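The structure appears right after this line, and notes come after that.
The values are calculated or read from the model by the stated rules, or taken from the named source; none is laboratory data. If you're wondering where the values come from, they're calculated on a predicted model, not measured in any experiment. Note that we place each Cβ from the backbone using ideal geometry, even for glycine, and neighbour counts take in every protein chain shown. Note: accessible area is taken over every heavy atom of the protein model, side chains too, but ligands, DNA and RNA are not part of it. Shrake-Rupley method; radii C 1.70, N 1.55, O 1.52, S 1.80 Å.
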Amino acid sequence: MSLGAPAATVPEVIEAGNEWLVAQASSQDRVDALGEQRRSLADEYRTVLREIEGLEAYNRQLERQLRLQGEEIAILDDSIAQATTVDRQILPLMLRMVSALEQFVALDIPFLPRERAERLQFVLEAIDRVDVTVAEKFRQVLEAYLIELEFGRTIEAYTGAVDVDGQKLEVDFLRVGRIGLYYQTLDGTQSARWDVDTKSWVKLPASDRNPIREAIRVARKLTAPNLLTLPLPTAGDAS
């Protein structure tokens with residue numbers, strides 16, 4: 001019989017086995033923890049990759065939008081340059097148009113002088129204003145022209161004052177297109193016609209009193225339109 005290490009007892013063997021099992025369980029826990037960590041890192045990595053792909057797609061879209069916006073800005077810059085050129089050209093044109101209209105009104109028969117002068121002044125002030133667009137300025141110039149054009153196709157009566165022999169009289173004015181301008185005192189005793197050549201009022205005989213009164217009533221829509229027999233300039237008067 002040889003001498004050696006003493007044989008382990010059963011309890012010692014069981015205890016050693018338990019310790020081994022505990023060690024194995026602890027190792028397995030660490031392995032499981034490492035595996036879970038690896039999976040978590042893998043999931044996080046894939047998430048980051050997707051985010052990177054999304055950012056790259058977004059950057060591509062953003063670059064495209066910036067490129068398109070750059071093209072639009074270039075077009076707008078060109079349009080602004082052209083608009084500025086048009087503005088510089090159209091402003092003198094509008095001023096010439098208003099000046100021509102002023103001359104026309106000055107040479108025309110003198111009806112509604114205050115109203116027409118105020119309209120032209122309003123247009124000139126609008127042209128000078130920086131808060132009014134060029135389109136609106138041009139619209140107002142054209143509107144002034146259209147109003148003057150319409151005067152040539154209408155008949156109109158209005159009340160005003162006229163200087164007769166140094167005396168201011170309240171009268172009814174009658175405008176027939178642009179071919180005739182008359183007045184008649186409110187009591188109907190005096191009538192006159194504007195003479196374009198002499199630029200003065202020519203008194204009319206009493207026989208023209210009723211025709212002028214009737215024409216005034218027609219112009220004011222107080223009676224139905226009828227054939228008007230008004231005294232007009234003769235060929236000798238126009239020469």
Query raised in the report: At what distance in nm do the modelled label points of SER207 and LYS221 sit from each other, each positioned 7 Å from its Cα along Cα→Cβ?
Result: 3.5
Query raised in the report: So what's the angle, to the nearest 10 degrees on a 0 to 90 scale, between helix 10-107 and the longest Cα principal axis of the chain?
Result: 10
**Report entry** Long-range amide H partners of ALA192 with built H, under 5 Å
**Finding:** TYR183, LEU204
Report summary line: ILE14 and ARG50 label points (each 7 Å along its Cα→Cβ direction) are spaced in nm at 5.4
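In deg cm²/dmol, rounded to 500, what helix-only [θ] at 222 nm does the chain give when every DSSP H run of at least 4 residues adds -39500 (n - 2.57) and the total is split over its residues? Numbers along the way, then the final one.
Working: 5 runs with 147 residues, N = 239.
After summing the helix terms and dividing by residue count, I get -22000 deg cm²/dmol.
Test of understanding: what is the full-extension gain from GLU72 to ASP163, defined as 0.36 nm times their sequence separation minus their Cα-Cα distance? Intermediate values should be presented prior to the final figure.
On the way: separation 91, 0.36 × 91 = 32.76 nm, distance 6.46 nm.
Full extension from GLU72 to ASP163 adds 26.3 nm.
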Requested in this report: Compute the acute angle (0 to 90°) between the alpha-carbon long axis of helix 134-151 and the principal axis of greatest extent of the alpha-carbon atoms of the chain; round to the nearest 10°.
Outcome: 30
Query - Size descriptor, Kirkwood hydrodynamic radius, that averages inverse alpha-carbon separations across the range 46-152, Å - result: 18.0
Query raised in the report: Rounded to a whole number, what % of the accessible area of the range 164-217 do carbon and sulfur atoms account for, probe 1.4 Å?
Result: 52
Requested in this report: Using the heavy atoms of the protein chains and a 1.4 angstrom probe, tell me the accessible area per residue for the chain in square angstrom.
Outcome: 71
Query raised in the report: With each label point set 7 Å from Cα along the Cα-Cβ vector, what nm distance links GLU36 and GLU156?
Result: 9.6
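Let me check I've understood the local charge: for LEU174, count other residues with C-beta under 14 angstrom from its C-beta, Lys and Arg +1, Asp and Glu -1. What total comes out?
+4
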**Report entry** Karplus-derived HN-Hα couplings along the range 206-211 (A = 6.51, B = -1.76, C = 1.60, θ = phi - 60°), whole Hz, x at Gly and Pro
**Finding:** 4, 5, 8, 4, 5, x
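Tell me the trypsin sites (Lys or Arg not before Pro) within the range 163-239 that lie in a loop according to DSSP and have at most 16 other beta-carbon atoms within 10 Å.
Working: sites: LYS168, ARG175, ARG178, ARG193, LYS199, LYS203, ARG209, ARG213, ARG217, ARG220, LYS221; in loops: ARG178, LYS199, ARG220, LYS221.
Those that pass, being in a loop and sparsely packed, are ARG178, LYS199, ARG220, LYS221.
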**Report entry** Of (i) 24.0, 84; (ii) 31.8, 119; (iii) 50.4, 176, the label for Rg and Dmax of the Cα atoms in Å derived from the coordinates
**Finding:** (iii)
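Compute for the range 119-239: radius of gyration divided by Kirkwood radius, i.e. Rg/Rh, restricted to C-alpha atoms, rounded to two decimals. Walk me through the numbers before you get to the answer.
Numbers: Rg = 17.9 Å, Rh = 16.5 Å.
Expressed as Rg/Rh, it is 1.09.
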